[in-house]
Each structure stands twice: as C-alpha cells, then as structure tokens.
Amino acid sequence: MYELAGESTLVYQEIARKVSKERGIKTINFGIGQPDVVTFKRIRDSAIQALEQGFTGYTPALGLDELREKIAQYLTVNYGDVKKDNVIVTPGAKTALFLGFLLFINPGDEVIMQDPSFYSYAEVVRLLGGKPVFLKLNMNQNGFSHDFEAIERLISPKTKMLVINNPHNPTGSLFDPHEIERLMEISKEKKIILMSDEIYDNFVYEGKMKSVLEDPSWTDYVLYINGFSKTFSMTGWRLGYVVAREDVIKKMGVLAGNIYTCPTSFAQKGAISSFDSFDNVKEMINLFKKRRDVMFNELQKVKKIRVIKPNGAFYMFPYIGELLRDLKMEVKDFSVELIKSKGVITIPGEVFPKDVGKDFVRLSFAVKEEDIKEGITKIAEFVDEKSQSDR
Ligand SMILES: Cc1ncc(COP(=O)(O)O)c(C=O)c1O
C-alpha cells in the first residue's frame with residue numbers, strides 16, 4: 001500500500017514541545033490550523049442536552065435529517081439551491097474529501113489540484129492509485145491566481161477531477177469570482193468533476209466569496225465540501241459534509257455505512273444549533289480580521305520577507321525565497337531552526353505540495369494579538385542573527 005505522509009503541523013509542535021521542555025523557551029504557535037476559541041456555548045449546550053437525554057445510539061449513515069435539512073437551508077440562502085437529499089454529513093471535512101475521492105478515483109486517473117494545496121488531497125489520490133497533477137498558482141501584487149493556459153495544457157484524457165480550495169489554505173487567498181467562474185466553465189466543458197473545498201467560506205475579510213453552488217447546473221459536475229470545524233470552531237467534534245447529486249450521495253451513504261456507520265450522534269445534535277450561532281461567528285471573524293492586520297503590519301518590519309495581505313481563511317503565506325538563498329537554507333531547516341532558536345512555530349510551505357511552497361512559510365493568525373507581535377519580533381531577530389552569522 002502507498003505509504004501516506006502524516007499531518008505535518010503535529011511534527012513541528014512536537015519539536016517545539018521538546019525545545020520548551022529542555023530549554024524553557026516559550027512556544028508561539030503560528031502552525032495552528034484551528035480557531036483558538038472554544039466551540040460556542042449554544043452548540044455545546046445542545047450536545048450536552050442530547051447526551052443527557054440519552055441520544056447515544058447510531059444515526060442514519062447520511063446523518064440526521066434535521067441536520068441535513070439545516071445544511072441545505074444554509075447553502076440555499078447563501079449560494080444556490082440545495083436539498084436535504086444532496087447532503088451527507090461526515091466525520092470531518094477530511095472524510096468528506098475521502099469519500100469524494102474514493103467514489104470517483106480509479107487507478108491511473110489524473111486529478112488536477114492547486115500548488116500549493118492542503119496536503120491530504122494528493123496523498124489520498126495517490127493512495128487510490130490516482131495521479132495528482134499540480135497547477136501552480138502565480139503570486140502577483142494582489143494575491144495568488146490560477147494560470148488558465150497551464151490548466152488547458154494539464155488536462156488530458158485521463159483527467160477525472162479538478163480540486164480547488166477557496167478561500168485557500170495555505171495562502172489565505174480568496175479567489176476572484178471570475179476565476180472561479182472560469183474554473184467552473186472549464187470543468188463543464190471538459191466533463192471533469194469539480195471538487196470544491198469551501199471549508200473557510202465564512203472567513204472572508206474583503207471581497208466576495210464565489211461558491212461553485214451558485215451555478216444553477218452545479219448538480220451536473222460538482223462535489224462540494226464544507227464542514228463545522230473552522231466556522232464554528234468545532235475541529236474536535238469531527239463533522240463535515242459533502243453536497244452532490246442525490247444518486248452520488250446515496251452511494252456515499254453506502255460507503256459510509258461500511259466504513260464508519262454514521263457521524264457521532266450527539267455531536268450532530270450540537271451542530272444543528274450551530275446555524276443559530278452566526279452572531280458568534282461574526283465576532284470571531286472580526287477578531288481574526290484585526291489579528292490579520294496586526295500580523296501583516298508586523299511582517300512588514302522583517303527584512304527580505306514579502307507578504308500579501310490575505311482576504312480569506314486565517315493564514316498568511318510570506319515569500320522567503322530570497323532570504324533562504326541568502327542564508328543558504330532550505331525552508332524546512334528555516335522552520336526547524338526558528339523553533340529551536342526562538343520557540344516560534346511556522347509551517348514550511350513545502351508540506352503543501354508540490355513546488356511553490358519551497359519558497360514560503362505558512363503562519364496562522366488564529367493566535368492572540370500579543371503573541372502575534374512577540375512572535376513576529378522573534379522572527380525578525382532570528383533573521384537578523386542568521387544574516388549576521390552568515391557574513
Ligand atoms: C482546506 C482544508 N480542507 C479540509 C480540512 C479538514 O477539515 P476537518 O477538520 O473538518 O476534517 C482542513 C483542515 O485544516 C483544511 O484546511
């Protein structure tokens with residue numbers, strides 16, 4: 001069996017834990033991929049109540065009808081017409097992605113995905129005998145964008161699927177609505193499945209979120225992925241969902257029944273209340289916007305780091321290619337040495353396949369403002385010290 005790569009954020013947290021234990025250095029964690037707030041009270045209370053009422057058995061494989069209905073309503077109000085029967089609730093968005101790949105990818109199939117991208121897309125495609133084909137994102141003044149000539153070149157008779165993520169991990173890009181529209185058009189024209197991971201859809205600071213569900217003909221070609229982990233800070237609850245044509249959802253339900261039976265019962269009860277918690281979500285997004293601005297301003301002070309202000313998600317993806325060449329360092333060594341010397345965790349861009357990330361690090365701003373200031377100051381010190389010792 002193909003040997004899968006694991007979740008790299010944990011690797012760097014472990015290095016930091018050791019450094020902190022051995023040398024007492026404070027850890028500042030910019031590696032984190034989750035909001036730093038506890039799941040909102042209304043949601044917690046509903047799950048507790050479900051437990052107290054003994055709601056502890058299996059649920060339908062597709063998830064509770066009431067939750068599927070709520071998800072369909074949320075998507076219909078915000079993006080496009082979705083019915084309950086278009087929805088399967090899964091244990092986290094990762095499982096949603098997995099079911100999508102499992103159902104459609106056969107050995108030899110090619111899957112085009114963004115470079116950089118969330119690491120598990122390529123890993124799961126490889127596990128299933130498919131071939132990830134990477135589409136480099138271009139960095140320009142305003143952000144990252146897709147190269148449409150390259151997409152045309154990359155599409156082959158073996159291309160089965162195009163995977164996109166918007167807003168984007170790791171760059172924090174919110175892609176221009178016209179770009180998303182073109183990606184939708186290409187998928188339709190070339191008869192390719194479009195898997196769109198929109199798990200950060202509420203983390204939008206400027207600009208308009210364009211969802212693939214806005215196309216009235218989305219059922220013809222779309223696998224839509226979203227979940228509760230980020231919007232409602234429910235990472236540990238493990239709840240995500242796929243939206244697709246009804247017959248596809250039925251097949252996924254059969255897979256689900258064979259693999260994990262159903263998502264956790266009382267967690268689903270909590271998630272039903274999450275749709276009444278958008279006041280809390282708004283508050284969190286406003287807080288993150290402020291932190292984004294603080295991190296962006298602080299990073300301007302660090303020599304030889306070039307950063308674009310992200311419009312979405314909660315990541316910044318500074319370019320450090322020039323710095324790395326000056327220091328004669330690879331990005332992975334940069335991240336490891338930064339932890340060992342200053343206790344600051346960043347994620348080397350190379351863990352987001354394939355090539356683009358080698359010149360970047362990812363920083364999450366789901367971190368307290370004072371820690372952002374302290375952490376970036378320490379990065380600046382690290383860069384200065386390294387540059388001097390290199391002379
Ligand atoms: C782009 C993207 N998709 C999916 C996931 C997985 O989410 P979940 O925790 O719901 O499995 C993440 C988590 O970091 C992500 O960044």
Within a Gaussian network of the chain (alpha carbon springs, distance under 10 Å), most fluctuating of I48, I347, I339: I48
The chain: most fluctuating residue of T56, T27, T235 per GNM, C-alpha cutoff 10 Å: T56
Gap separating the Cα centres of the stretch 295-311 and the stretch 160-232, nearest whole Å: 27 Å
Cut-off 12 Å (backbone N to label point 7 Å along Cα→Cβ of E14), residues of the stretch 350-378: none
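Restricting to the chain, compute how many DSSP beta bridges are antiparallel as a %, nearest 5.
Values: 19 of 40 bridges.
That works out to approximately 50 percent antiparallel.
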Cβ-Cβ FRET estimate between D276 and E214, R0 fixed at 35 Å, reported to 0.05: 0.90
Extension reserve of the L4-K191 stretch, reckoned as 0.36 nm per residue once the Cα distance is removed: 64.4 nm
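Just the accessible area per residue of the chain, please: how many Å² with a 1.4 Å probe? Walk me through the numbers on the way to the answer.
Working: 16850 Å² over 391 residues.
For the chain, the per-residue accessible area is 43 Å².
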Those aspartates and glutamates that a straight Cα-Cα span of less than 18 Å connects to K354, excepting residues fewer than 8 apart in one chain: E3, E7, E110, D115, E123, D147, E330, D333
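Taking R0 as 41 Å, what's the FRET efficiency between K309 and V254 from their Cβ-Cβ distance, rounded to 0.05?
Values: r = 45 Å, r/R0 = 1.09.
About 0.35, to the nearest 0.05.
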Cα centroid of the stretch 346-391 to Cα centroid of the stretch 1-77, whole Å: 25 Å
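Can you give me the orientation-averaged projected area of the convex hull built on the Cα atoms of the stretch 254-310, in nm²? Walk me through the numbers on the way to the answer.
Values: hull surface 29.1 nm².
Reported value for the Cα convex hull: 7.3 nm².
Cross-link list K208/K358; K158/K191; K18/K332; K41/K94: which exceed 19 angstrom alpha carbon to alpha carbon?
From K208/K358; K158/K191; K18/K332; K41/K94, over 19 Å: K208/K358; K41/K94.
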Nearest-10 value in Å² for the accessible area of V361, using the 1.4 Å probe: 10 Å²
Modelled label reach - D247, point 7 Å along Cα→Cβ, the stretch 92-126 residues with backbone N closer than 18 Å: 100, 103-105
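Carbon and sulfur together cover what percent of the accessible area of the stretch 41-276 at a 1.4 Å probe radius?
Numbers: 4630 of 9320 Å².
Exposed carbon and sulfur together represent 50 percent of the surface.
Length gain on complete extension for the stretch R44 to K136, per 0.36 nm per residue less the alpha carbon to alpha carbon distance? Mind showing how you got there, number by number?
Values: separation 92, 0.36 × 92 = 33.12 nm, distance 4.07 nm.
Net length gain for the segment: 29.0 nm.
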H178 accessible area, 1.4 Å probe, all protein chains in place, Å² to nearest 10: 130 Å²
Pairwise label distance in nanometres, E66 with R182, each label 7 Å out on the Cα-Cβ vector: 4.6 nm
Three-way shape label, the stretch 336-391, alpha-carbon gyration tensor, a/c 1.5: oblate
Shape of the stretch 41-276, Cα gyration tensor, a/c cut at 1.5: prolate
Computed E for D147/S341 - FRET, C-beta separation, R0 41 angstrom, nearest 0.05: 0.65
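The values are calculated or read from the model by the stated rules, or taken from the named source; none is laboratory data. Quantities reported herein were computed from a predicted structural model and do not represent experimental measurements. Please note: Cβ atoms are built from the backbone with ideal geometry, for glycine as well, and neighbour counts cover all protein chains shown. Heavy atoms of the whole protein, side chains included, go into the accessibility calculation; ligands, DNA and RNA do not. Shrake-Rupley method; radii C 1.70, N 1.55, O 1.52, S 1.80 Å.
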